[in-house]
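Notes follow the structure.
The values are calculated or read from the model by the stated rules, or taken from the named source; none is laboratory data. Quantities reported herein were computed from a predicted structural model and do not represent experimental measurements. We place every Cβ from the backbone using ideal geometry, glycine too, and count neighbours over all the protein chains shown.
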């Protein structure tokens, strides 16, 4: 089996050694798998480029490195960032096409994963062609579960009724059936998802009509629309396949004032019917 890993980098020196050590552990745990890497880096002011070049020295793949003077947005929902991210992701995707592998992993380089993650995903390979993890953040659930962590990538997660899911919640789904599947660790079909570490059947990303797109909205929504429109594959959320991301303490402090309003809004939506939630969702 062959696996292609895609990732974007910029000024990543503070965590890059830890990130790449996870990849090395993945390789060591999957000696029968042939890995190749397509990395994109731009405008780094530290040693990110040199570290990536050294990592790829004895590995198959390619690094695209550019000095384009792009603005450094950080973690923000600004429209220009979404458009830029779509461009960067498509640039490295097109550099790899036609991709000669069985599966592709699209990995946000700050997302942490364990060395058995590939096996955990592939248990569900017959469920759909785009498999998305349960990405956790170290912020307690605000929806009464008592859990000390919560689902992170709620902006990306759109359920089968086209309803955007909950923020800062352990179980991010509103629909009763989906909530029950989540609690049982069962696969859940969705209209859109990401989660920072996504496994695709390679044939999906070899379809030239499938790419990231943004007109100011989240670029992953554009990708998922194309997966659903141009392939016969399902997008699947996997509750029991977990990855994680660490949230900066300053960001946590900035978010705290919004917790109460978020809880009240989501409590109201939980009590709505499905069609009422669809009207309220606005996705």
Of all the residues that make up segment 157-181, how many are surrounded by fewer than 21 Cβ atoms within 10 Å (Cβ to Cβ) and either in a helix (DSSP H, G or I) or free of Cβ contacts under 8 Å to residues at least 12 places away in the same chain (or both)? 5
Determine, yes or no, whether residue 191 is in contact with a helix residue (DSSP H, G or I) (Cβ under 6 Å, 6 or more places away or on another chain) and either modelled with pLDDT of 95 or more or not in a loop (DSSP other than H, G, I, E, B) (or both). no
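Taking residue 216, is it surrounded by 22 or more Cβ atoms within 10 Å (Cβ to Cβ) and assigned to a loop (DSSP other than H, G, I, E, B)?
Answer is no for this residue.
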Surrounded by fewer than 18 Cβ atoms within 10 Å (Cβ to Cβ), at pLDDT 95 or above, part of a loop (DSSP other than H, G, I, E, B) and touching a strand residue (DSSP E or B) at 6+ places or on another chain (Cβ under 9 Å) - does that describe any residue in segment 79-97? no
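May I ask you to verify whether residue 228 is outside any strand (DSSP E or B), at pLDDT 95 or above and within 21 Å of the chain's Cα centre (by Cα)?
Details: outside any strand (DSSP E or B): yes; at pLDDT 95 or above: yes; within 21 Å of the chain's Cα centre (by Cα): yes.
For residue 228, the condition - outside any strand (DSSP E or B), at pLDDT 95 or above and within 21 Å of the chain's Cα centre (by Cα) - is met.
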Which count do you get for residues in segment 137-148 that are more than 11 Å from residue 172 (Cβ to Cβ), in contact with a strand residue (DSSP E or B) (Cβ under 8 Å, 6 or more places away or on another chain) and either free of Cβ contacts under 8 Å to residues at least 40 places away in the same chain or assigned to a strand (DSSP E or B) (or both)? 2
Quick one: in segment 194-213, of everything that is assigned to a helix (DSSP H, G or I) and within 18 Å of the chain's Cα centre (by Cα), which residue is surrounded by the most Cβ atoms within 10 Å (Cβ to Cβ)? 205
Residue list for segment 28-57, restricted to those being without any contact (Cβ under 8 Å) to a residue 24 or more places away in the chain, surrounded by fewer than 16 Cβ atoms within 10 Å (Cβ to Cβ) and either within 18 Å of the chain's Cα centre (by Cα) or part of a helix (DSSP H, G or I) (or both): 50, 53, 54
